[in-house]
Amino acid sequence: MKEDVSLRLDQCLLRFMDQLELLEEKREKLNSLIEQGWFCISKARYAMGNKQVSALQYSNEIVPQVCVHVRRVSNGEMEFGTERMDRGPSEDTTNTPRQVEEVGPVDEGVRRRKTTTAKDSKAQSNASVKPVAEEEASVNKGSPGHQDPLKWFGILVPQSLKQAQSAFSQVIELSAEVAALQTAVLVTRKELQTLMEEKHKAAQGKEKGKGS
Amino acid sequence: MAGRAKLVAVIGDEDTCTGFLLSGVGELKKTRESNFLVVEKDTSIAEIEETFRGFLGRDDVGIILINQFVAEMIRHAIDAHVQSIPAVLEIPSKEHPYDASKDSILRRAEGMFSAEDFR
């Protein structure tokens, strides 16, 4: 029995050491990517100006584009996975071409507003199209947060800002892995403690048996 | 992967928050409720702690990223958090590199070993 506990203890300890080594490796990569991201932001700030790359540029309303899925595994560990929600709802992408088509007639109707009455019938038919286009425009405007955060800093941003975005995106993915490893390390630590207590009890029981 | 979609919260200096918001993790509602806090020189420890506890209390936050120098200010609150979710990750800042000896998770893992255990 004691040998069995010792064997499990050894296996658990080896697993713990492996997890710690992997955690340290991921952490180093994470920290390096973060530093790379800061360097790119500093380069962008140098190119665009101090105030152009700061918290003042954040949008008034932000919708998250990246989320994390968390799942509990049977042994108590947690799995973390990231998901990017880059595109808006499918209605936006399917409606956009129609909106482009309908803006044409609406504009013509506006342009024709000052023309002769003979063309009023055409303007009336276009007017029925107007509310639909406006509705679609309001639907699109209703989701301002799905805008690429790069656009907060201007229409044309330097390449360094895009590189910063890419670096921090990789950081997010690595963060999920590091978070999972952290929970794994703590679960293995708890298991080690339990096994050590078991081993001590077995050793104490054996000593009492020898004494009697 | 199954599981409800959760957010990544960030507590850090301006560059850290800017970087992570660029990657798309930020949320800012019309009610000014957000999942990030930009820590400046005049940000009080009480505000940082309140924000941290707020994130812990939310069920839609899966990971909290916090600069390690900010984590040092509220170390007692971070050490008291023992649940798996949200996971708290300490990250370096521009002026304070990452120090593994200060990380709450690694300190918990390191503290378990003593000479008696190896008899």
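The values are calculated or read from the model by the stated rules, or taken from the named source; none is laboratory data. Everything numeric here is computed off the predicted structure, so don't read it as measured data. Counting neighbours? That spans all protein chains shown, and the Cβs are built from the backbone with ideal geometry, glycine included. With ligands, DNA and RNA removed, areas are computed over all heavy atoms of the protein, side chains included. Shrake-Rupley method; radii C 1.70, N 1.55, O 1.52, S 1.80 Å.
At-a-glance table
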{"item": "Among beta bridges that DSSP assigns inside chain B, antiparallel share in %, nearest 5", "result": "5"}
{"item": "FRET efficiency, B:E33 to A:Q57 (Cβ-Cβ, R0 30 Å, nearest 0.05)", "result": "0.90"}
{"item": "Estimated FRET transfer efficiency when R0 is 25 angstrom, pair A:V73-B:D60 (beta carbons, to 0.05)", "result": "0.75"}
{"item": "Contact surface A-B: accessible area buried, both sides summed, square angstrom, 1.4 angstrom probe", "result": "4700"}
{"item": "Cut-off 20 Å (backbone N to label point 7 Å along Cα→Cβ of A:E83), residues of the range A:165-184", "result": "A:169-180"}
{"item": "On Cα atoms only, tilt of B:45-57 relative to the major axis of chain B in degrees", "result": "90"}
{"item": "For residues of B:82-95, the mean tally of beta carbons on other chains within 10 Å", "result": "5"}
{"item": "Surface accessible to a 1.4 Å probe, A:W152 within the full protein complex, Å²", "result": "30"}
{"item": "Across A:K201/B:K102; B:K41/B:K102; A:K151/B:K94; B:K30/B:K94; A:K29/B:K29; A:K162/B:K6, pairs whose alpha-carbon gap is larger than 28 Å", "result": "A:K201/B:K102; B:K30/B:K94; A:K29/B:K29"}
{"item": "Chain B - mean residue ellipticity at 222 nm from DSSP helices (-39,500 (n - 2.57) per run, n ≥ 4, rounded to 500)", "result": "-9500 deg cm²/dmol"}
{"item": "Exposed-site-free run, longest, chain B (rule: GluC sites (Glu not before Pro); DSSP loop; at most 13 other C-beta within 10 Å)", "result": "B:41-94"}
{"item": "Other protein chain Cβ atoms within 10 Å, averaged over every residue that makes up A:167-174", "result": "4"}
{"item": "Share of alpha-carbon pairs per 10 Å distance bin for the range B:1-113, given as whole %", "result": "13, 47, 33, 7, 0"}
{"item": "Virtual spin-label span in nm between A:K29 and B:H81, 7 Å along Cα→Cβ", "result": "2.4"}
{"item": "Theoretical gain in end-to-end length, A:E3 to A:D18 [0.36 nm per residue, Cα-Cα removed]", "result": "3.1 nm"}
{"item": "Accessible surface, 1.4 Å probe, highest first, among residues B:S44, B:S93, A:S59", "result": "B:S44, A:S59, B:S93"}
{"item": "FRET efficiency, A:D148 to A:K190 (Cβ-Cβ, R0 56 Å, nearest 0.05)", "result": "0.85"}
